[in-house]
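Participant: What follows is a structure written as C-alpha cells; I'll ask about it next.
The values are calculated or read from the model by the stated rules, or taken from the named source; none is laboratory data. Note that this is a predicted model, so its numbers are computed, not measured. Every residue, glycine among them, receives a Cβ derived from its backbone with ideal geometry; neighbour counts consider all protein chains shown. Quick note on the areas: whole protein, heavy atoms, side chains included, nothing else; ligands and nucleic acids left out. Shrake-Rupley method; radii C 1.70, N 1.55, O 1.52, S 1.80 Å.
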Amino acid sequence: MYRRHSFLGALWRHGVLLVFVAFALFPILWVISASFNPANTLVGQGLIPPNPSLDNYREVFTSEQYPIALWIKNSVVIGLITSTLVVIMTSFAAYAFSRFRFKGRRTGLFASLLVQVFPQMLAAVSIYLLVLSIGRLIPALGINTHAGLIMVYLGGAMGVNAWLMKGYFDTIPNSLEESAMIDGASPFQAFFMIILPLARPILAVVFLLQFIGVYSELILASVLITSTEKYTLAVGLQLFIQDQYASRWGVFAAASVLGALPIVLLFVFLQKYLVTGLISGAVKG
Amino acid sequence: MAKLIKGIFLGIFNVVIIWIALFLYSHGAYWILLLLLLGAALVNFIFISERGYPYRYLLPASFFMILLVVYPIIYTVYVSVTNYGTGNILSKEQVIAQLQERRIHDGDAGSYSYTAYRDDQGQLWFLFTGPQGELLLGHAGQLERVQEGDASLNRLAEFTELTRADLVRATNEISALSFALDETSQLQMRNINSFGVYRPQYQYSRERDELLDLESGIIYQPVLGYFQAPDGTRLTPGFREVIGLQNFRKLFSNPQVTGPFMRVFIWTVQWALLSVGCTFAVGLFLAILLNDPYLRWRRFYRAVLILPYAVPAFISALIWRGLFHTELGVINRILKATIGSGVPWLQDPVWAKVALVILNLWLGFPYMMIVCLGALQSINQEMYEAALVDGASSWQQFRHITLPLLMVSVAPLLIASFSFNFNNFSVIYLLTRGRPPIVGAQTPAGHTDILISYTYRLAFESGRGVDYGLASAVTLVIFLITGTLTFINFRFTGALEEVRKNV
C-alpha cells in the first residue's frame with residue numbers, strides 16, 4: 001500500500017501532519033503560556049508572555065477563597081483510594097468468575113455487563129437520595145463527605161473492570177495454582193501469592209483507568225459534595241472559572257497545568273498499558 | 001488460623017448488623033430492616049457453608065454494585081412514575097399535618113387587648129383582657145386564668161412593661177408567638193393593639209380520606225398528589241404520590257415539554273454521530289499517514305498527536321471555553337485579524353454546536369488514531385501485494401481492503417464511542433452548559449443540551465423548581481437507547497467472533 005514518496009508527496013504529508021500538530025498543541029501551549037503571564041487576564045494575551053513569573057502558581061497554593069491546591073489533593077486522594085479498593089474488589093470477583101464454576105456465574109457476568117450499559121451517573125437523582133438516607137444512619141458516609149463519594153464510585157467497580165481482569169486471568173494456566181495447592185496452599189493463598197503477582201499488568205491497567213475516571217468525574221461529585229474545601233478539582237475548577245475568564249484566566253491556567261500534570265505523567269509513562277486497556281473497550285472519562 | 005480470622009470477621013460483621021438493625025427498628029424502617037436481615041443471613045451462610053466458597057470472592061464488589069447501581073436503577077424506575085419534585089416533596093402524612101396546622105381568624109370570638117412585659121431574662125409575659133373582660137396571663141405558649149390581686153399578677157409589676165415603641169420593635173418576635181386557648185384554638189397577634197382567636201382551617205377525616213374546610217365547608221379530596229376541591233382548586237403543598245405514566249405522557253404529548261424534548265433528543269443523536277464521524281475520519285486519516293514506513297519523524301508525530309488525549313477532558317473543555325470567548329478569546333482575535341469579524345461562538349445556537357464539535361474532535365481524534373493504528377498493523381500485508389498485482393489503485397485498496405478489515409475490529413469501538421458521546425455530560429456542561437436557551441420552553445432546555453445534561457438540569461438546576469419525576473422518566477428513555485445500542489454491539493461482536501472462527 002505504501003510507496004517511497006516523491007518530494008511533493010513528502011511535502012503535503014508533512015504539511016497536513018504539521019497542521020494537526022498545531023491543532024493538537026495550540027490550546028496546551030496557550031494555557032502554559034497564560035499560566036506564566038502575570039497579567040491574569042484573557043485580554044491581549046500573546047503566545048510568549050512578556051514578563052514571565054510564577055505569580056499565578058503562587059495564587060493556586062495560597063488563595064483562601066479558592067483553595068485550588070487542596071482540590072487537586074482531594075482529587076488525587078479520592079482517586080488513589082477508590083482505585084486501590086476497586087482493584088482489590090474486582091480482582092477477587094474476577095478470580096471467582098475465572099476459576100470457579102458456581103450457580104449464578106453466567107448471571108453475574110451478564111449483570112456486570114448490564115451495569116456498564118447503565119452508567120451510574122444517569123441515576124444521579126436516586127444516588128443523591130440514597131446517600132442522603134445513608135447519611136442519616138452513618139453520618140460519615142453521607143452527603144458532602146469524601147467517604148460517601150468513594151463509596152458511590154465503588155458501585156461502578158464491577159462492569160468493564162471485572163471483564164478486563166477475568167479475560168486476563170483466563171490466560172494464566174490453571175496448573176500453576178494446582179501445583180501450589182498440592183504443596184499445601186489454600187485456594188486463597190494460591191490466588192494471592194501466585195495469580196495476583198502474575199496479573200500485575202492488568203491490575204495496573206484497571207488502577208490507571210479507574211484513577212483517570214474518578215479524577216475527571218463531574219456529575220456525581222458535583223451532586224454529592226457541597227462545601228468548598230471538600231470539592232474535587234473537576235467540581236471546583238469549573239466553579240472557579242465560571243465565566244470569569246477575563247479576570248481569572250492566569251490563575252485558572254496555572255491550576256489547569258498543575259491539575260493535568262498527574263494524569264499527563266501517568267499517561268506518558270504508562271501509555272503502552274493504557275492503550276491495551278482502551279482498545280479492549282474501556283472509555284476514558 | 002484461617003478459621004480464627006473468619007470467626008472474628010463474622011463476629012464483628014454480626015455486631016455491626018445488629019447495631020444497624022436496632023437503629024432501623026427504632027426508626028420504624030421495617031422493610032429495610034427485613035432486607036438487611038436477609039442480606040446478613042446470606043453473608044453468614046456464604047462464610048459458614050463450604051458451598052458458599054466462590055461467593056466469598058464476589059461479595060464486596062456485588063455488595064457495592066447492588067447498593068449503588070442496581071438499587072438506584074430500580075429507584076429511578078419508581079420515581080419516574082411519581083410526581084416527586086418541587087411542590088410535591090413531602091409525604092401525604094406530612095402534608096396533612098402541615099395543613100391541619102393552618103389556622104384562620106375567628107372574628108366571632110372577639111378580640112383580646114393586651115399589655116406586654118419583659119422579665120430579667122428577657123422573656124415575654126402578656127396580660128390579656130378578653131371580650132367579656134376576663135383576665136389571662138400568657139407566658140411560653142401557656143395561658144392562665146387570673147383575677148385582680150392574684151400573686152402571679154403582682155409579679156408583673158417587677159417586670160418592665162413594653163412601651164408602644166418597644167412593641168413596634170418587637171413585632172416580629174411577638175407575631176411568631178401563639179397561646180393555646182383550648183384544644184384547637186390559639187391566641188395569635190392580630191395587630192399591634194390586640195390578639196385574636198385562631199381556629200384550624202381544615203379538618204382531616206381518616207375514614208373518608210378527605211379534608212374539610214371548616215370556614216367554607218368545601219371538601220377537598222386527594223387527586224394526583226394534591227388535595228383538590230370539586231371545582232378543581234388545589235391546596236398547596238402537594239404530596240408525592242404514584243401518578244402512573246403521567247411523566248412519560250407529559251414527555252410525549254404536552255407540547256411545551258415535548259417540543260424541547262424532541263429538539264434535545266435530535267441534537268443528542270446528531271451530536272453523537274458528528275462526534276464519532278469527525279473523530280473517526282480524522283483519526284483514520286492520520287493513522288494511515290503515520291502507518292507509512294517511508295514517513296520520517298513518525299514517532300515524533302505520534303507522540304505529539306496523542307497529547308490532547310492525555311489531558312483530563314474537564315480541564316480541556318474549560319480551556320477551550322476560554323479560547324472560544326466571544327470578545328476576548330484567541331480564536332475570535334485571529335478571525336478578526338484575518339477575515340475581519342469574529343463569531344458569536346457560545347451565543348448563537350449553530351455556532352455553539354460547531355464549537356462543541358470542534359472541541360470534541362480535539363478531545364477524541366487521538367483515541368481513534370491509536371485504535372486505527374493498532375488495527376492497521378494487524379492487516380496482513382500480502383493482501384496489498386495481491387492487490388498491486390491485480391493493478392488496484394490506492395483508493396481501491398483503501399476501499400476494498402483497508403476499510404472492511406479495519407471495521408471488523410473498530411466497529412464495536414465506534415458503537416461504544418457513540419454511546420459514550422450520547423451521554424457525554426462533561427463536555428456539554430463545561431463548554432456551553434446547554435446554552436443558548438430555547439425560547440418558550442416550559443422545561444429548562446437549551447439548544448446544545450443533550451439528554452443527560454437536560455436531565456441534570458431538570459433534577460438539580462431548574463430555576464422553576466426541580467422535577468425528579470420527569471428527570472427520572474428522561475433517564476429511563478436514555479437507559480433504553482444506550483441499552484439497545486450496547487445490546488446491538490454485543491450481538492455484533494458476538495457475530496463477528498463466530499465469523500472469525502469459521503474462517
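Participant: Scan the stretch B:394-407 residue by residue and report those that are in contact with a helix residue (DSSP H, G or I) (Cβ under 9 Å, 6 or more places away or on another chain) and open to solvent by 50 Å² or more (accessible area, probe 1.4 Å).
Facilitator: B:Gln396, B:His400, B:Leu405, B:Met407
Participant: Turning to a different aspect of this structure: Only residues that are more than 9 Å from chain A (Cβ to nearest Cβ) and open to solvent by 60 Å² or more (accessible area, probe 1.4 Å): list them for the stretch B:368-382, please.
Facilitator: Within the stretch B:368-382, B:Gln377, B:Ser378, B:Asn380, B:Glu382 qualify.
Participant: Of all residues being without any contact (Cβ under 8 Å) to a residue 24 or more places away in the chain and not charged (D, E, K, R) in the stretch B:182-213, which is surrounded by the most Cβ atoms within 10 Å (Cβ to Cβ)? Just the residue, please.
Facilitator: B:Met189
Participant: Let me ask something else about it. Please go through the stretch A:19-43 and pick out each residue that is among the aromatic types (Phe, Trp, Tyr) and closer than 16 Å to B:Arg302 by Cβ.
Facilitator: A:Phe20, A:Phe23
Participant: Got a sec? Which of B:Asn88, B:Asn154, B:Asn172, B:Asn83 is in contact with a helix residue (DSSP H, G or I) (Cβ under 7 Å, 6 or more places away or on another chain) and not acidic (Asp, Glu)?
Facilitator: Of the residues listed, the single one that is in contact with a helix residue (DSSP H, G or I) (Cβ under 7 Å, 6 or more places away or on another chain) and not acidic (Asp, Glu) is B:Asn83.
Participant: Taking helices (runs of 4 or more DSSP H) that do not extend beyond the stretch A:92-200, which have at least 3 residues that are of a type outside the set (A, V, I, L, M, F, W, C) and open to solvent by less than 20 Å² (accessible area, probe 1.4 Å)?
Facilitator: In the stretch A:92-200, the matching helices (runs of 4 or more DSSP H) lie at A:146-155.
Participant: Can you spot a residue in the stretch A:145-154 that is touching a Gly at 6+ places or on another chain (Cβ under 7 Å), within 9 Å of chain B (Cβ to nearest Cβ) and closer than 30 Å to B:Arg51 by Cβ?
Facilitator: No - not one qualifying residue is present in the stretch A:145-154.
Participant: Which of the following residues is surrounded by fewer than 23 Cβ atoms within 10 Å (Cβ to Cβ), within 12 Å of another protein chain (Cβ to nearest Cβ), touching a helix residue (DSSP H, G or I) at 6+ places or on another chain (Cβ under 8 Å) and not in a helix (DSSP H, G or I): B:Leu307, B:Leu295?
Facilitator: B:Leu295
Participant: May I ask you to say which residue of A:Ile28, A:Ile32 is touching a residue at least 60 places away in the same chain (Cβ under 8 Å) and under 30 Å from the mean Cα position of the chain (by Cα)?
Facilitator: Values: A:Ile28 fails: touching a residue at least 60 places away in the same chain (Cβ under 8 Å).
Matching residue, one of A:Ile28, A:Ile32: A:Ile32.
Participant: Does B:Asp449 satisfy being buried (at least 19 other Cβ atoms within 10 Å of the Cβ), out of contact with any Leu (no Cβ under 8 Å at 6 or more places or on another chain), at pLDDT 85 or above and of a type in the set (D, E, K, R)?
Facilitator: Criteria met by B:Asp449.
Participant: Could you list all residues from the stretch B:94-103 that are in a helix (DSSP H, G or I), touching a residue at least 12 places away in the same chain (Cβ under 8 Å) and either hydroxyl-bearing (Ser, Thr, Tyr) or open to solvent by 50 Å² or more (accessible area, probe 1.4 Å) (or both)?
Facilitator: Passing the criteria: B:Gln94, B:Gln98, B:Gln100.
Participant: Would you pick out the residues in the stretch B:310-333 that are more than 10 Å from chain A (Cβ to nearest Cβ) and open to solvent by 20 Å² or more (accessible area, probe 1.4 Å)?
Facilitator: B:Thr326
Participant: Continuing with this model, one more query. Quick check on this structure: which one of A:Phe252, A:Phe267 is at pLDDT 75 or above, open to solvent by less than 10 Å² (accessible area, probe 1.4 Å), within 30 Å of B:Ile415 (Cα to Cα) and within 9 Å of another protein chain (Cβ to nearest Cβ)?
Facilitator: Numbers: A:Phe252 fails: within 30 Å of B:Ile415 (Cα to Cα).
From the options A:Phe252, A:Phe267, the qualifying one is A:Phe267.
Participant: Just for the stretch A:1-38: of the residues that are part of a loop (DSSP other than H, G, I, E, B), crowded, with 17+ Cβ neighbours inside 10 Å and more than 8 Å from chain B (Cβ to nearest Cβ), which one is modelled with the highest pLDDT? Show your work before the answer.
Facilitator: First, pick out the residues of the stretch A:1-38 that are part of a loop (DSSP other than H, G, I, E, B): A:1-6, A:36-38.
If we keep only those that are crowded, with 17+ Cβ neighbours inside 10 Å too, we end up with A:1, A:36-37.
Still in the running and more than 8 Å from chain B (Cβ to nearest Cβ): A:36-37.
On the way: A:Phe36: 90, A:Asn37: 85.
So, considering only residues that are part of a loop (DSSP other than H, G, I, E, B), crowded, with 17+ Cβ neighbours inside 10 Å and more than 8 Å from chain B (Cβ to nearest Cβ), the one modelled with the highest pLDDT is A:Phe36.
Participant: Right, here's the next one. Can you name the residue in the stretch B:334-366 that is out of contact with any helix residue (DSSP H, G or I) (no Cβ under 6 Å at 6 or more places or on another chain) and either within 12 Å of chain A (Cβ to nearest Cβ) or within 25 Å of B:Phe300 (Cβ to Cβ) (or both) and is also most open to solvent (accessible area, probe 1.4 Å) among such residues?
Facilitator: B:Ile334
Participant: Looking at (1) in contact with a helix residue (DSSP H, G or I) (Cβ under 6 Å, 6 or more places away or on another chain); (2) of a type in the set (D, E, K, R); (3) under 18 Å from B:Val276 (Cα atoms), which is the one condition that is false for B:Arg321?
Facilitator: With respect to (1) in contact with a helix residue (DSSP H, G or I) (Cβ under 6 Å, 6 or more places away or on another chain); (2) of a type in the set (D, E, K, R); (3) under 18 Å from B:Val276 (Cα atoms), B:Arg321 is out only on (3).
Participant: Tell me the residue from B:Leu24, B:Leu10 that is of a type outside the set (Gly, Ala, Ser), open to solvent by less than 40 Å² (accessible area, probe 1.4 Å) and within 12 Å of chain A (Cβ to nearest Cβ), please.
Facilitator: B:Leu24
Participant: Next up: Please identify the pairs in which a residue from the stretch B:436-454 that is among the aromatic types (Phe, Trp, Tyr) has its Cβ atom under 7 Å from the Cβ atom of a residue that is open to solvent by less than 20 Å² (accessible area, probe 1.4 Å) and modelled with pLDDT of 85 or more, counting only partners at least 6 apart or on another chain.
Facilitator: B:Tyr454/B:Val264; B:Tyr454/B:Val474
Participant: Condition first: within 9 Å of another protein chain (Cβ to nearest Cβ), farther than 15 Å from A:Leu70 by Cβ and not β-branched (Val, Ile, Thr). Can you find one or more residues in the stretch A:226-235 that meet it?
Facilitator: Checked against the condition, which is being within 9 Å of another protein chain (Cβ to nearest Cβ), farther than 15 Å from A:Leu70 by Cβ and not β-branched (Val, Ile, Thr), the stretch A:226-235 yields no hits at all.
Participant: Would you pick out the residues in the stretch B:260-276 that are open to solvent by 30 Å² or more (accessible area, probe 1.4 Å) and not polar (S, T, N, Q)?
Facilitator: Correct list: B:Met262, B:Arg263, B:Phe265, B:Ile266, B:Val269, B:Leu273, B:Leu274.
Participant: Now for a different question. Against the conditions (1) within 30 Å of B:Tyr367 (Cα to Cα); (2) part of a helix (DSSP H, G or I), where does A:Leu47 fall short? Just the number, please.
Facilitator: Among (1) within 30 Å of B:Tyr367 (Cα to Cα); (2) part of a helix (DSSP H, G or I), A:Leu47 violates only (2).
Participant: Kindly establish whether B:Ser111 is open to solvent by 30 Å² or more (accessible area, probe 1.4 Å), among the small types (Gly, Ala, Ser) and touching a residue at least 40 places away in the same chain (Cβ under 8 Å).
Facilitator: For B:Ser111, the condition - open to solvent by 30 Å² or more (accessible area, probe 1.4 Å), among the small types (Gly, Ala, Ser) and touching a residue at least 40 places away in the same chain (Cβ under 8 Å) - is met.
Participant: On to the next question. Consider the stretch B:35-61. How many of its residues are small (Gly, Ala, Ser), crowded, with 16+ Cβ neighbours inside 10 Å and either closer than 19 Å to A:Leu149 by Cβ or out of contact with any helix residue (DSSP H, G or I) (no Cβ under 7 Å at 6 or more places or on another chain) (or both)?
Facilitator: Here is the first cut: in the stretch B:35-61, the ones small (Gly, Ala, Ser) are B:39-41, B:49, B:52, B:61.
Cutting the leftovers down to crowded, with 16+ Cβ neighbours inside 10 Å gives us B:40, B:52, B:61.
Remaining after also requiring either closer than 19 Å to A:Leu149 by Cβ or out of contact with any helix residue (DSSP H, G or I) (no Cβ under 7 Å at 6 or more places or on another chain) (or both): B:61.
Total satisfying the criteria: 1.
Participant: Let me ask something additional. Look at the stretch B:400-451 and say how many of its residues are on the phi > 0 side of the Ramachandran plot and small (Gly, Ala, Ser).
Facilitator: Residues meeting the conditions: 2.
The rows are residues; the columns are (1) closer than 30 Å to B:Arg234 by Cβ; (2) at pLDDT below 85; (3) assigned to a helix (DSSP H, G or I).
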| residue | (1), (2), (3) |
| --- | --- |
| B:Ile18 | no, no, yes |
| B:Phe23 | no, yes, yes |
| B:Leu37 | no, no, yes |
| B:Arg56 | no, no, yes |
| B:Phe63 | no, no, yes |
| B:Ile66 | no, no, yes |
| B:Ile74 | no, no, yes |
| B:Asn88 | yes, yes, no |
| B:Tyr114 | no, no, no |
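Participant: Could you identify the single residue in B:Phe418, B:Phe422 that is at pLDDT 80 or above and open to solvent by 20 Å² or more (accessible area, probe 1.4 Å)?
Facilitator: When all the criteria are applied, what remains is B:Phe418.
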